[in-house]
Structure formats: structure tokens, C-alpha cells
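This report concerns only the one structure given below.
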Amino acid sequence: MKIQKVETELYHVPLSRAMVDAIHGVQKEFSLIVVKITTDDGATGMGYTYSVGQVGGTSIATLIHDNLVPLLIGEDPRRIEHLWEKMWWALHYVGRSGIAVFALSAVDTALWDLKARLADEPLWRFLGGHDNKAEAYGGGIDFELSIDELLKQTQGFLDAGLNAIKIKIGRDSIAQECERISAMRDFLGPDRKLMVDVNMKWSVEKAIRAARAFEPYDLYWIEEPTIPDDVEGNRRIQVEGGIPVATGENLHSIYEFRQMIADGGVSFPDADISNLGGITALMKVAHIAEAHNRNLTTHGIQEMHVSCLAAIPNASLLEIHAFRVDDFLVHPLEIKDGYAYASDRPGHGVVIDWDKIAKHKIAFKSAQG
């Protein structure tokens, strides 16, 4: 069996409404970069990554088409570790993260989809099969919403079957954040999980002061309270602030996760197959986390990540993110009683309606034509 064809496609997908967080500003769309792999005997696999707005989308698609596809043609798609290493070292000099690892991530996910489909197994069982579901939470990009609007959004999450909620914070005024968090806690009651996400906005000292002020509200975690580069700072926020830290969506290698976990900078490692190196890398991070008695959570791409979390024994929460392809899914993600259920279809089970999403497809130039 050999890889015969690799197709790369780029889409600019509009959000249902403009969204705002503390660091990225107004977000109106996201770039979806899709990889489709076909073998000489007709087996197929599909994967994708994404970027905020239109930033980097064309570059990622072009990098895949020009630099990764030639490495894949004629190779056995079942040798995923071999292909991952081959792509990693081909990209290594120009970048061990950023656009390079985004490109690798999309290809790797397509390879795992293909391999699980060949085995006629759903991905969650093919990867380990611990459970067929993962506890899920609603993660709104809601920094600009009034408290009334925030509560209305939260009711929508609850009506959709979710029992845990995360809100965006990161203002200069800690008192203003306490007002919003207090309103959320009163609305949710004492038993539902409530998280907050700072999107790296604060200094270590401010995050510590804020975490201490948030103590009455029983937060499950504070996410990205400061930059992920500062491992010691994240450790101090946990120890001195008294709230568990979730971070990792801006870590782009298993080595960065190993350092953050081993040095005590995170309680809930937060991985994302779209920017970490795909499913291959995420599963390795899951095992590193397990060895340090940490539970793994995931960032976005819930329709893919549910299978990864369902596969492992140390799963934490699955984020139901505002950046989503739900409107184009043939089989929407099933959510019931606070849990999202992994597909039992062969592979990851994510089927996109290509005719429906076609109007958002973007042509990109490539040196390979």
C-alpha cells in the first residue's frame, strides 16, 4: 500500500458572530486547512488544522502542498511514526512550531484517520478505547458580552446538554472580573464546574492577585493566566494563587509540554492536535501527563478531540469551542448529560459536507502548481 495522492484545500469559514477575547481582539472568521490522503488501492483519510482569521492559512496550505506532499507520495501510510519523524526533521530548521507544526498536524491527523479506517475501527477504540465519551464544557469567546448576555449564552450551553462552562476574562479591573464570575457562579449553582480563561493577558503578579480574589467562586481552573513561556511563573500562580492552572494551547511540541508538566507549571495540560503535531503528538503528551498524575484537557476541534480523550484513562474536559465546523458536519457531535460521545464510524468519523462548505473555499498559489 502506497500513498498515491495528497490534496490540500483552504477555506475561510465565517463565525456566526464577531467574537472578542483579551489578547486576539475581534475575530470574524477562521482559516480551515484540509488534507485528504488517497492510497493506490483507494483507501482515504482526512485531517485538518485551523488558524485565527486569515493569518497563516495560505502559508500553512502552501507548506503542506510544496514541502510535505513530496515526502508522502509513494510511502506506506500505515508507518505513521516513520512519516511523522520524516516530516518533523524536514521542517525542523525553519520552525519547530508555528506554521510548520500546524502543517504537520493536519497531515498526521489524516494518516490516523486512514489507518483506523483500514482497521475498520473507530479512532477512540483504535487509539486505546478507554471509554466512548468525554465530559465536555462550553467555551465561549465572550469577553465583550454584558453579564446578561453572558448568562443567556450560558443558558444556551446548558440547554445543549453541557454542565460545565468557561468564560473569557483578562480585564485591567480584577473587581470587574469578580462581578462577572460571581454572577456566573450564582447562575450555575455550587455543583457545576466553572473555569476562566485569561488568554495570556496578565503578568504573573497580577494573575496571583486575581486568583486570590477568585477564591470564593470555586473555580475549577484558571486558563493561560500568563504567557506559556514562563514555566516558573505558571507554577507560582498555582502555588501562590491557589487555583489550578490549565495551559498548553500555545505549546507546540511534546518537549514543551514535558517541561511545563515536570516543572509543576500546569495542573490541566491543554493540548490541541491542530498545532501540536497531530494525534501522534497528542497521545504522547497524554502519556507524559499520566506519568505525572495529570489529566489532559483539549482545546477546540471537539469533533476530533473527543476520540482522543475517549481513548485515554486520564481525560479531563473536552472544550466545545466557538470556532467550529458544526454547520458543515454530516454527523453533528452528540452531547448528552454533560458528555460528548465519540463516533463509532471507522476513523475519526468526522464527515464534512464538501458541497455545503465549497462556497468558502479559497485558491492559494503554490510553487508546485
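Bear in mind that the values in this text are calculations on the coordinates, not laboratory data. Everything numeric in this text was worked out from a predicted model, so none of it was measured. So basically every Cβ, Gly included, is an ideal-geometry build from the backbone, and we count neighbours across all protein chains shown.
Structure summary
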{"quantity": "Dipole magnitude (debye, nearest 20) for region 64-103, charges at Cβ of Lys, Arg, Asp, Glu", "calculated": "80 debye"}
{"quantity": "Debye, to nearest 20: dipole size of the chain, +1 on Lys, Arg Cβ, -1 on Asp, Glu Cβ", "calculated": "460 debye"}
{"quantity": "Fraction of antiparallel bridges per DSSP, region 33-166 only, in percent to nearest 5", "calculated": "75 percent"}
{"quantity": "Efficiency of FRET from Cβ geometry, residue 362 and residue 41, R₀ 30 Å, rounded to 0.05", "calculated": "0.45"}
{"quantity": "Compactness index (Cα Rg / 2.2 N^0.38 Å), region 249-369", "calculated": "1.19"}
{"quantity": "Between helix 147-159 and the chain: long-axis angle, C-alpha atoms, 0 to 90°, nearest 10", "calculated": "50 degrees"}
{"quantity": "Top of 53, 349, 277 by mean-square fluctuation, Gaussian network on the chain, Cα under 10 Å", "calculated": "53"}
{"quantity": "Kirkwood Rh in Å, taken over region 166-216 so that all alpha-carbon pairs contribute", "calculated": "11.3 Å"}
{"quantity": "Fluctuation leader among 145, 111, 296 - the chain, Gaussian network, Cα springs under 10 angstrom", "calculated": "145"}
{"quantity": "Positive-end extreme of charge dipole, region 239-369 - chosen from 266, 347, 248 (charges on Cβ)", "calculated": "347"}
{"quantity": "Note, ³J(HN,Hα) from phi for region 50-59, Karplus 6.51, -1.76, 1.60, rounded to Hz, x at Gly and Pro", "calculated": "8, 9, 6, x, 9, 5, x, x, 5, 5"}
{"quantity": "The chain: angle of helix 98-118 to the longest principal axis, Cα-based, in degrees nearest 10", "calculated": "70 degrees"}
{"quantity": "Distance from region 297-366 to region 265-286 (C-alpha centre basis), Å", "calculated": "16 Å"}
{"quantity": "Extended-chain gain in nm, criterion 0.36 nm per residue less alpha-carbon gap, residue 71 and residue 86", "calculated": "4.6 nm"}
{"quantity": "With Cα atoms, 0 to 90° folded angle of helix 174-188 axis to the chain main axis", "calculated": "80 degrees"}
{"quantity": "For region 254-312, alpha-carbon Rg over 2.2 N^0.38 Å", "calculated": "1.00"}
{"quantity": "Under 24 Å from residue 152, Cα to Cα: lysines that are on another chain or at least 8 residues apart", "calculated": "28, 166, 168, 193, 336"}
{"quantity": "Value at 222 nm in deg cm²/dmol, rounded to 500, when DSSP H runs of n ≥ 4 in the chain each add -39,500 (n - 2.57)", "calculated": "-11000 deg cm²/dmol"}
{"quantity": "Those lysines that a straight Cα-Cα span of less than 22 Å connects to residue 115, excepting residues fewer than 8 apart in one chain", "calculated": "2, 5, 36, 86, 133, 284"}
{"quantity": "Net dipole in debye of region 175-288 [+1 Lys, Arg Cβ; -1 Asp, Glu Cβ; about Cα centre; nearest 20]", "calculated": "120 debye"}
{"quantity": "More than 27 angstrom apart: percent of Cα pairs within the chain", "calculated": "46 percent"}
{"quantity": "GNM flexibility winner over the chain from 234, 67, 250 (Cα, springs under 10 Å)", "calculated": "67"}
